[in-house]
Amino acid sequence: MTNRLLYHTLLTPAALAVTLLILAPTTSYAKDVRWIPVKAGDGIPPGVQAAGYEDSTARVKNYICRGLYKGGLYIGYTNRGTAVCRIKGHDGEAFLKPLELLAADGDMRINNPRVHPQIPDGPVKSNERWRVVKPGRTPQGALIAGRQDNNKPLRICRVIHRNNAPAVGYVGPGMRTCHYNIWGGPSTSSTFEVLVGKTKSNTLESVIDPKHPDVVRLAKQSDNSRWRPGVLGSIHSDTVAMGHEQKETDVLAACRGFYDNALVVGYLRPGSKTCNLSYGKDEKFAYHYQTLASKTLWVKPVKQALPDKAIQGGYENDGRPLYICRAAVGKTLRIGNAPKNMQTCYTSMNGRIYRQKSFEILTAQALSANKQAAENQALFESMWKSKGFGSPLGHEKNWRDKISACRFKYKGHLIVGKRTKNSTGGCRAAFEGRRLIHRGRLSEDHSLLITKTFGKKLTWRKAEQGKVPKGAIKAGHDVSGNPTYICRGKVMLTRSGRKIKSVGLQIGHANKSMDYCHVEYGNAARKFLPFYVLSFK
């Protein structure tokens with residue numbers, strides 16, 4: 001797992017309710033603003049104020065809502081029936097569900113909107129929520145409440161529609177046009193006001209939580225799938241690599257996000273800002289997503305039958321289930337969706353949709369110990385890099401001189417040694433009782449780069465002669481293929497058996513007999529005892 005496979009969370013896991021601090025210019029008051037998830041048809045919960053009217057009769061009130069649309073989080077309105085959140089979509093009116101409602105303290109001024117530019121703005125009173133917008137300028141404290149599908153922020157705006165009916169919509173970062181939807185259809189206005197408010201960092205912090213039964217229609221499953229929220233390329237620490245690019249070390253994580261009211265499984269490149277979804281005719285992108293942390297078994301469907309304990313990852317916009325699949329596309333291994341009929345795995349790459357007939361399905365079947373060990377070992381192999389110093393695992397006599405593990409090939413052996421930071425001496429190792437230095441090109445030896453995420457899986461276990469520690473990681477081998485392991489120690493043995501302790505914390509290798517840790521030190525091959533072996537927890 002790379003260092004970029006880090007904390008990727010779909011926003012926060014608290015059933016879509018996050019407390020936001022309200023900030024109004026020239027005032028010091030703080031009020032609560034929160035987003036409340038609602039089930040279609042449940043009606044308006046307490047604390048939610050109307051922000052507009054359906055028409056000039058003022059008989060039907062409108063409420064601020066938001067929902068996921070085309071990979072973004074968009075703002076619109078709903079009425080007391082809360083069937084859908086109506087927004088101005090890319091191609092006309094769009095209806096979103098699930099949805100959230102905005103609940104805010106203070107006066108929403110539904111009967112006295114102040115949007116005409118000739119009316120003086122004046123100081124904002126402590127119970128007021130709206131600020132008039134000067135074209136191109138963002139009012140202080142304007143609440144970020146959504147994101148476009150290109151991840152640019154959206155704020156809540158309000159206009160006066162026909163016959164003095166206030167209507168709610170969204171405005172982009174340019175602050176020039178309010179996009180809204182009302183009984184007359186989708187429309188825009190250059191004269192509008194925006195809602196005042198402030199999150200902790202003035203960035204979007206609320207979430208659509210797929211575990212919330214009223215928000216996401218997922219079948220209840222007692223499987224081992226675990227979804228972690230993420231946004232803008234962040235990946236949770238226990239996310240598992242499940243696919244790869246052409247280079248197997250360029251790993252891909254499984255993710256899912258909403259698109260067109262469907263919950264779709266895709267893949268995430270470490271460092272990328274989006275979850276890439278295979279949906280429709282081409283690849284889609286979600287900035288708000290979740291990543292999967294699951295150490296369970298991949299199973300190939302037999303005769304198009306759904307495997308036992310198959311993990312449902314999402315659903316179509318009509319509610320039909322989608323299962324997590326992966327398939328080879330060229331030299332890559334991509335992650336995607338498979339319908340219940342198990343005929344095709346839909347995955348994507350470089351903007352295109354691929355329909356693969358040969359694929360695997362992720363299940364909740366537990367991995368065998370051997371399978372788990374193999375996955376751990378494969379993950380470890382991806383940590384060896386041909387550039388850079390690597391991760392400090394020890395130090396020389398001067399503790400400031402850090403040491404990393406390195407390895408190189410020599411006469412059929414894969415030898416583990418050490419590299420000192422800021423040294424041009426190459427990878428140094430003890431080999432058959434003598435000192436060996438690899439002075440070839442840097443690309444011919446590799447340093448071990450342990451990420452923060454990967455490091456949480458590791459520990460150092462004390463070695464006992466003749467016994468390989470539990471979980472010991474294979475890092476090299478001899479000419480016969482027998483494994484060697486990364487070791488470290490502080491006590492060096494002289495040829496006479498005398499112990500010398502003031503040598504720092506040295507890195508070397510041990511064979512399966514676990515007799516000594518073999519280290520290059522002081523321009524010679526040395527033996528260390530006692531020593532510790534790098535192992536999986």
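Observations on the structure shown:
- Loop-located trypsin sites (Lys or Arg not before Pro) in region 312-396, at most 15 other Cβ atoms within 10 Å (DSSP): LYS331, LYS340, LYS357, LYS387
- Restricting the GluC sites (Glu not before Pro) of region 423-522 to loop positions (DSSP other than H, G, I, E, B) with no more than 16 neighbouring Cβ atoms within 10 Å leaves GLU432.
- Full extension of the chain between ALA305 and ASN398 yields a length gain of 27.2 nm, computed as 0.36 nm times the residue separation minus the alpha carbon distance.
- Taking 0.36 nm per residue of separation and subtracting the current Cα-Cα distance, fully stretching the chain between ARG320 and ILE437 would add 36.1 nm.
- By definition, a body whose alpha carbon gyration tensor gives a ≥ b ≥ c is rounded when a/c is under 1.5, and region 227-367 falls into this rounded group.
Read the figures in this text as sums done on the coordinates, not as results from a lab. This structure is a prediction, so every number in the text was calculated from the model and none was measured. Virtual Cβ from ideal backbone geometry, glycine too; neighbours counted across all protein chains shown.
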